[in-house]
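Take a look at the structure below.
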Amino acid sequence: MIKGLFKYIAVFFIALAVFLCFRVVSEFISKDAMREHMLSSADKMCENSVGVELMKGVPGSQLDRYADSVWLNIAWHSDAKNPFSSAMWSSYYILRKSYETDGANRDLRDTVNDDREKNIEYLRYWHGPVTIIRFFHLFTDVGGMYTVNIVLISLLYVGLLILMWKKSLLKEAICLVVSLLMVGIVFVPFCLEFVWNFYIVGIVSILTVVWGTKARYKRLFTTFLVTGMATNFFDFLTTEILTLLVPLLLLLAIRSKNAPTDEKLSPLKISLKSGILWAVGYCGMWVMKWVVASVILGTNAMPYVTGHISQRIGTSTISVGNPIKALVSNAITILPVGIGDLWAILTLVAIIILICFIIVYKKKSIKKEYIILYGIIALIPYIRYLVMNDHSTVCFTFTYRSQMATVLAIGLITLEMVCDNTPKKDRKKRKN
């Protein structure tokens, strides 16, 4: 046990060092090297308002151009003379503070065109995407990044589905496809704000399928630790819980299908250990970000973030959300419910049909432990909305995607209730 603990500690600090170096290295990229493509990006940002709906009247298709402009603005400002402090402060230029207008877009264009100096810090945003944005702007603009996202996201998830099919997880793959479609995966590549978690989900899911089918649980537990850290480093408060819940659901589905009955590691233990290690990685990375920032900057970084925390959970005086509003806003945005009333009615009908199907075709022997775990996981996104109610109210047009885990969990519950998940070779032996 002690040896295992030291291993996790070593992995944590090695990953922390890698993430820190990854963020700092891009500070040495000069503005002149990025200028042409950053100007093009700024012009493209100004072509639309901060909230763009790819499908008119469908909130779930909205892109957050405000956040993308802020990302680009931070990426534009660097200081090779003080790379560590520059990376920590993540400062940028702002003049127009209104979120509802295209102020952030115009601020980006002004600072790139006129070399206006950064005037506000964004300490909590010393995140990995800034390095990626700066690197890509040596070769292309934000439009090119969106195109790369389309290609890579498509390859990533097609590869995952093919792998699942080859590992005899076809039904589970169908459930995954449905969950991706219901959270608008087709819109995800067009926004730098929330695309990163979907990269992490895809990569970790592939590792889960590969190692889960071979019962390599120790590797997966370490992966969940690093995944929590990577989630905090690349994305904070959009769909963070997906990087835990989706791979965990796939791992449980694999174990339900393949694990021997005398397996010592129960599904509950797998879930708890995976969840705890992910949480340690996520929260530990969050804490270490401020510790590292405080050490490098020679100041106490915590006052910069405590007000932000209270606002996001709805306890500050400027909070605009409430738990019920957060819950409802996200629930009705999921596709196809968010398309319109007719689609909402059809979704309700589909749910009723699914319930009737389960009742009629329910197996005599079901694995209750898995169904309970799937049910608990299905509820976690809604608990997140209640706890982080202010953020979930303001940003429901992308936080609703956390329900991908809910949809996938419901699909897996259905499979557990009505399908024989015994591997084909074992079914043949049983028949003989």
_Gyration tensor (alpha-carbon) shape descriptor, the range 108-156, a/c threshold 1.5_ = oblate
*Which shape class applies to the range 174-218: rounded if a/c is under 1.5, otherwise prolate when a/b exceeds b/c and oblate if not, where a ≥ b ≥ c are the square roots of the Cα gyration tensor eigenvalues?*
oblate
_Computing the accessible area with a 1.4 Å probe over protein heavy atoms, can you report the carbon and sulfur percentage for the chain?_
68 percent
*Rounded, prolate or oblate: which one fits the range 1-125, using the alpha carbon gyration tensor with axes a ≥ b ≥ c (rounded when a/c is under 1.5, else prolate when a/b beats b/c, else oblate)?*
oblate
_Counting only other residues whose beta carbon sits under 11 Å from that of L63, what net charge do I get with K and R as +1, D and E as -1?_
-3
*Take the Cβ-Cβ distance between N48 and F135 as r, set R0 to 22 Å, and report the resulting FRET efficiency rounded to the nearest 0.05.*
0.35
*Hey, which of these cross-link pairs are over 28 Å Cα-Cα: K273/K325; K167/K289; K118/K289; K325/K363; K3/K264?*
K273/K325; K167/K289; K325/K363
*asked:* Considering all alpha-carbon pairs of the range 96-195, what whole percent are spaced by more than 24 angstrom?
replied: 43 percent
*asked:* Over the chain, with a Gaussian network built from C-alpha contacts below 10 Å, which listed residue (L272, L160, L39) shows the highest mean-square fluctuation?
replied: L272
*For the range 1-125, report the accessible area per residue in Å² (1.4 Å probe, heavy atoms, rounded to an integer).*
50 Å²
*First select every other residue whose beta carbon is under 11 angstrom from the beta carbon of Y370; then total the charges, Lys and Arg +1, Asp and Glu -1.*
+2
*Using a Gaussian network model of the chain with C-alpha springs under 10 Å, which one of I14, I200, I29 is most mobile by mean-square fluctuation?*
I14
*In whole percent, what relative contact order does the chain give with Cα contacts below 8 Å and a gap of six or more residues?*
18 percent
*Based on DSSP H assignment, which helices of the chain show an axial Cα extent of at least 24 Å together with a mean Kyte-Doolittle hydropathy greater than or equal to 1.0?*
2-25, 142-166, 267-297, 341-361, 368-387
*For the chain, just run the numbers: alpha carbon Rg, then divide by 2.2 N^0.38 Å, N being how many residues it has.*
1.02
*For the chain, which span is the longest to avoid every loop-located (per DSSP) member of GluC sites (Glu not before Pro) having at most 11 other Cβ atoms inside 10 Å?*
118-432
*Out of residues 5 or more away from E53 or on other chains, whose amide H comes under 5 Å of its own, with H placed 1.01 Å from N in the peptide plane?*
L63
*Under-5 Å amide H pairs with I120, H placed in peptide plane, nonlocal only*: Y92, I94
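The values are calculated or read from the model by the stated rules, or taken from the named source; none is laboratory data. Fair warning: this is a prediction, and the values are worked out from it, not measured in the lab. Every residue, glycine among them, receives a Cβ derived from its backbone with ideal geometry; neighbour counts consider all protein chains shown. Ligands, DNA and RNA are excluded from the accessible area calculation, which covers all protein heavy atoms including side chains. Shrake-Rupley method; radii C 1.70, N 1.55, O 1.52, S 1.80 Å.
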